[in-house]
Amino acid sequence: MGWIRQNWTLFSILVLALSAGWIVFTPPNTGGGKASAPGEGFRAPDFELQDASGQIVRLSDLRGRPVLLNLWASWCSPCKAEMPAMQKVYETYAPSGFTILAVNTTYQDDRANALAFAKNLGLTFPLLFDSDGNVARQYRVNAMPTTFFIDSKGIIRRVVFGGPMPEALLRAEIEKMLKEETP
Amino acid sequence: MLPILHIGPLALPTAQLIMLLGFWLGLELAEKQAHHFRTSPAQIYHLTLIGLAAGLAGARLTYATRTPSAFLASPLNLLAPRPEMLDPAGGWAAAALAILVTMRIRRLPLWPSLDALTTLLAVLAVTLGLAHFASGEAFGAPTQALWGIELWGERRHPTQIYETLAALLAAAAVWPGRRAAVLSAQAGRAGLRFWVFMGLGAAARIFIESFRGDSIILLGSFRQAQVIAWFVLAICLWQIGQRLGQQHQAVPEEKPPHEPISSI
């Protein structure tokens, strides 16, 4: 320790040189992006579900468009409270290519209740039904609602647990994704 | 990984809860240890609260300025209690600025105050590692190492554990009673504890970042966090050197002139 104190300048140069060497000679590893996982920076796990009209909707078919994936239930008050804001932003940003997939966790909910709620509120974005809970398992949902902002490359940019989400949060995250898309 | 903690009907975000507990514990300890650095607990308490309030406001405003149109449509959402709408970099910058301005206005001594606040920073650094472990953020690169953990569908470096251990070591190095803390309390060396802690943190970041799987890459081959940490480390080494140098200059002045006994 005594030597270090007396030769502080030399010690500092040595530490900075070793650190610079470590930075230069350890190549960057990026674990996100390529792998598929329900976390920020990862590729969104793909799935296909039926919508209200019985048509199959596949997430990977929406590649090239920013997607808001919202997992919800009709018995969950915060889920219902954030739906009007979601409808509002859907109307604003749908012409720019943005879309919403509202996945009802039907395995723990009632399909008729979910449909009635959507009709009452006049929701126009796609409503999907996760009857066997596969999507909820894939996305490790353990709080209602859970929302994933997925960019046009299929990468999860933001995960929001719980609700209701403020309209500004929805707008800010959607605008960020749309901006990144613009060359 | 435990992102959500279920307590009865409540679903609480674990990472935020850990950070809140860390803040409370850090503030308690910083107040208790304030006297080691010739500051008062009340002074530390007020500085921390001002820093917290400014940090939260700064984090929210920075987030809002990135997409102002989103908030123009619903300005009241600026007050929404959502942690997702906070920008950490803007928050830290605002907190630091508010603390420095408060010190200047109240004429508080800068370095002893920062030495005392280092306790809070040390506890927050440890809890940040634990919060990352709970949320799965700041994850590691894929590895075949025996100590790797299963996270996000792959075996990965447990970088959150590395981060926590490094923070614990840095905290232990500057804890009251240790050399850096004792020296910091001496005349001419105030601030040593703060800079030693910051330097150890920067060195740890440079080392651990190489095992991260979520680094932001600069110029195709450099990790942004490492480059920033390298500059921080350089500043810390310089500042530590200044304080150690002051000791050598101070020693002859502090000692009485050596007179031969025969002259008395």
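Of all residue pairs spaced 6 or more apart or on separate chains, those with beta-carbon atoms under 6 Å, a first member in region B:9-24 that is under 19 Å from B:T164 (Cβ atoms) and a second member that is open to solvent by 50 Å² or more (accessible area, probe 1.4 Å) and part of a helix (DSSP H, G or I) are B:Q16/B:P83; B:I18/B:L130. For region B:153-169, the condition holds for at least one residue, the condition being that it is among the small types (G, A, S) and modelled with pLDDT of 95 or more. Scanning region B:91-111 for residues that are of a type outside the set (A, V, I, L, M, F, W, C) and open to solvent by 30 Å² or more (accessible area, probe 1.4 Å) turns up B:R104, B:R106, B:R107, B:P109. Filtering region B:99-149 to residues that are of a type outside the set (V, I, T), over 16 Å from the mean Cα position of the chain (by Cα) and more than 30 Å from A:P27 (Cα to Cα) leaves B:M103, B:R104, B:R106, B:R107, B:L108, B:P109, B:L110, B:P112.
Summed over region A:163-183, residues that are buried (at least 18 other Cβ atoms within 10 Å of the Cβ) and basic (K, R) total 2. Only one entry of B:A116, B:A122 meets the criterion of being touching a His at 6+ places or on another chain (Cβ under 9 Å), outside any loop (DSSP other than H, G, I, E, B) and in contact (Cβ under 8 Å) with a residue 60 or more places away in the chain, and that entry is B:A116.
Residue by residue, here is whether (1) within 14 Å of chain B (Cβ to nearest Cβ); (2) not polar (S, T, N, Q); (3) not in a helix (DSSP H, G or I) holds:
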position: A:R5; (1), (2), (3): yes, yes, no
position: A:S19; (1), (2), (3): yes, no, no
position: A:W22; (1), (2), (3): yes, yes, no
position: A:G64; (1), (2), (3): no, yes, yes
position: A:M83; (1), (2), (3): no, yes, no
position: A:P95; (1), (2), (3): no, yes, no
position: A:L101; (1), (2), (3): no, yes, yes
position: A:A114; (1), (2), (3): no, yes, no
position: A:K119; (1), (2), (3): no, yes, no
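Could you grab me the full set of residues in region A:122-162 that are free of Cβ contacts under 8 Å to residues at least 60 places away in the same chain and open to solvent by less than 70 Å² (accessible area, probe 1.4 Å)? Within region A:122-162, A:G122, A:L123, A:F125, A:G133, A:N142, A:A143, A:V160 qualify. Beta carbons closer than 7 Å, at least 6 apart along the sequence or on distinct chains, pair a first residue in region A:1-29 that is closer than 18 Å to B:E209 by Cβ with a second that is open to solvent by 80 Å² or more (accessible area, probe 1.4 Å) for A:W22/B:F207.
Would you mention how many residues in region B:216-250 are modelled with pLDDT under 90 and either closer than 19 Å to B:W111 by Cβ or within 9 Å of another protein chain (Cβ to nearest Cβ) (or both)? Spell out how you get there, then give the answer.
Of all residues in region B:216-250, those modelled with pLDDT under 90 come to B:216-221, B:244-250.
Those still in the list that are either closer than 19 Å to B:W111 by Cβ or within 9 Å of another protein chain (Cβ to nearest Cβ) (or both) too: B:217, B:220-221, B:244-250.
Number of matching residues: 10.
Selection of region A:43-86 for residues being buried (at least 18 other Cβ atoms within 10 Å of the Cβ) and either among the polar types (S, T, N, Q) or without any contact (Cβ under 8 Å) to a residue 24 or more places away in the chain (or both) yields A:N70, A:S74.
The values are calculated or read from the model by the stated rules, or taken from the named source; none is laboratory data. Nothing here was measured: the structure is a model prediction, and the numbers come from that model. In this analysis, Cβ positions are derived from the backbone assuming ideal geometry, glycine residues included, and neighbour counts consider all displayed protein chains. Each accessible area value is taken on the protein alone, full model and side chains, heavy atoms only, with ligands, DNA and RNA left out. Shrake-Rupley method; radii C 1.70, N 1.55, O 1.52, S 1.80 Å.
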